[in-house]
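The values are calculated or read from the model by the stated rules, or taken from the named source; none is laboratory data. All of these numbers come straight from a predicted model, not from anything done at the bench. For neighbour counting, all protein chains shown are included, and Cβ atoms are generated from backbone atoms with ideal geometry for every residue, glycine included.
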Amino acid sequence: MDGIINLHKPPGLTSHAAVLKVRRLSKTKVGHSGTLDPAASGVLILCLGKATRLSRFFTDYPKEYIANLQLGVDTTTDDAEGDVLAVSDTSALTAAAVEAVLSRFTGPIRQVPPRYSAIHHQGKRLYELARQGIEVDSPARDVVVERIKVLGWALPFVTLSIRCSKGTYIRSLCRDIGAALEVGGHLSSLIRTRVGSYSLNTATSLSALSSKEAVQGALLPLKQTLVEIPALRVDKDAIIPLLCGQTLTPAELVGEHTPLKADQHYRLLDAQGELLALGKAQTSDDKVVLKPERVFKKAETISL
């Protein structure tokens with residue numbers, strides 16, 4: 001089985017547990033591209049077989065969430081799973097005040113990850129150190145919040161729609177919004193509604209994956225993945241050299257295409273649209289060529 005599953009992870013389950021279930025049913029290599037906290041639900045992209053070599057590309061996709069922010073309560077984990085650190089009066093809060101603060105958190109921002117997170121520090125994850133009572137100053141990270149939109153008000157609760165870059169912690173965002181309002185706050189619940197072009201509306205529930213056949217039925221094949229990356233067709237005489245690791249020139253591509261852009265990735269397809277390799281354009285002797293980074297077919301299995 002080579003491909004991906006757009007999984008709807010339920011709340012109360014770790015991403016690793018979801019991977020283990022699908023690995024046990026499919027009896028193949030399975031990984032995920034972007035952890036969801038156990039309490040969160042929503043889109044979790046599972047990569048099976050050869051698709052595990054593409055996981056970093058799915059990780060790079062922007063994400064969309066529906067987040068419930070509770071103002072007036074700080075917690076140790078910046079979400080509802082942690083112990084309460086402080087409670088503040090929110091009776092003076094207004095929708096206008098919250099809207100004004102939200103604008104500060106759109107665009108490129110610096111963000112400090114939660115103390116309870118999976119980020120590594122000197123060989124250990126931050127949540128392991130936090131559980132041992134060891135305080136660590138987490139370095140701030142550059143992230144991009146493309147959009148924050150208010151979906152509903154019931155102060156001190158606010159429901160937000162958020163679109164952001166990889167590496168953004170919604171828990172940190174809620175904590176920092178609360179701090180900016182001088183009342184504190186935490187993430188009370190979270191749903192990931194989209195990863196790139198993969199939405200919750202088309203996701204498969206974990207309960208539906210009850211057998212190897214069900215996993216196969218939910219699988220999107222390699223040729224239907226990474227559709228955001230431009231596709232190019234390879235001349236049949238260049239396929240074997242490509243699969244052996246040789247670079248391609250524009251002359252070895254079929255059909256019209258825009259000039260290759262250096263540092264851009266391309267999906268390299270055969271005449272039937274099957275994914276042969278993922279290549280990256282690079283400059284060589286003042287010319288732009290395609291160097292294969294991931295090859296998905298074996299040269300000896302190709303019949304031309």
Would you pick out the residues in the range 206-229 that are over 23 Å from residue 192 (Cβ atoms), part of a helix (DSSP H, G or I) and either hydrophobic (A, V, I, L, M, F, W, C) or touching a strand residue (DSSP E or B) at 6+ places or on another chain (Cβ under 6 Å) (or both)?
222, 223
Which residues, taken from the range 60-84, are of a type in the set (A, V, I, L, M, F, W, C) and free of Cβ contacts under 8 Å to residues at least 12 places away in the same chain?
84
Would you confirm, using the coordinates I've provided, whether residue 52 is surrounded by fewer than 16 Cβ atoms within 10 Å (Cβ to Cβ), farther than 30 Å from residue 181 by Cα and of a type in the set (Ser, Thr, Tyr)?
no
Counted residues in the range 63-96 being surrounded by 15 or more Cβ atoms within 10 Å (Cβ to Cβ) and either farther than 30 Å from residue 6 by Cα or touching a Cys at 6+ places or on another chain (Cβ under 7 Å) (or both) come to 13
Within the range 167-205, residues being in a strand (DSSP E or B) and surrounded by 17 or more Cβ atoms within 10 Å (Cβ to Cβ) number 13
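Yes or no, residue by residue, for (1) closer than 21 Å to residue 196 by Cβ; (2) modelled with pLDDT under 95; (3) not assigned by TED's automatic domain parsing to the domain that holds residue 94:
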| site | (1), (2), (3) |
| --- | --- |
| 131 | no, yes, no |
| 134 | no, yes, no |
| 140 | no, yes, no |
| 145 | yes, no, no |
| 150 | no, no, no |
| 155 | no, yes, no |
| 161 | yes, no, no |
| 170 | yes, no, no |
| 176 | no, no, no |
Where residue 214 falls short, out of the listed (1) at pLDDT 95 or above; (2) farther than 30 Å from residue 40 by Cβ; (3) of a type in the set (Gly, Ala, Ser):
(2)
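Per-residue answers, yes or no, for (1) over 26 Å from the mean Cα position of the chain (by Cα); (2) in the same structural domain as residue 54 (by TED's automatic domain parsing); (3) over 19 Å from residue 53 (Cα atoms); (4) buried (at least 19 other Cβ atoms within 10 Å of the Cβ):
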{"position": "241", "(1), (2), (3), (4)": "yes, no, yes, no"}
{"position": "251", "(1), (2), (3), (4)": "yes, no, yes, no"}
{"position": "255", "(1), (2), (3), (4)": "yes, no, yes, no"}
{"position": "258", "(1), (2), (3), (4)": "yes, no, yes, no"}
{"position": "262", "(1), (2), (3), (4)": "no, no, yes, no"}
{"position": "272", "(1), (2), (3), (4)": "yes, no, yes, no"}
{"position": "277", "(1), (2), (3), (4)": "no, no, no, yes"}
Of (1) crowded, with 18+ Cβ neighbours inside 10 Å; (2) part of a strand (DSSP E or B); (3) touching an Asp or Glu at 6+ places or on another chain (Cβ under 9 Å), residue 233 satisfies every one except (1)
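Limited to the range 247-272, what total is found for residues that are in contact with a strand residue (DSSP E or B) (Cβ under 8 Å, 6 or more places away or on another chain) and assigned to a loop (DSSP other than H, G, I, E, B)? Steps first, please.
Taking the range 247-272 and keeping what is in contact with a strand residue (DSSP E or B) (Cβ under 8 Å, 6 or more places away or on another chain), we get 247-250, 252-255, 257, 259-271.
Filter again for assigned to a loop (DSSP other than H, G, I, E, B), leaving 247, 249, 255, 257, 259-264, 270-271.
Result for the range 247-272: 12.
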Here the residues within the range 183-231 that are among the aliphatic types (A, V, I, L, M), over 30 Å from residue 94 (Cβ atoms) and under 14 Å from the mean Cα position of the chain (by Cα) are 195, 200, 226
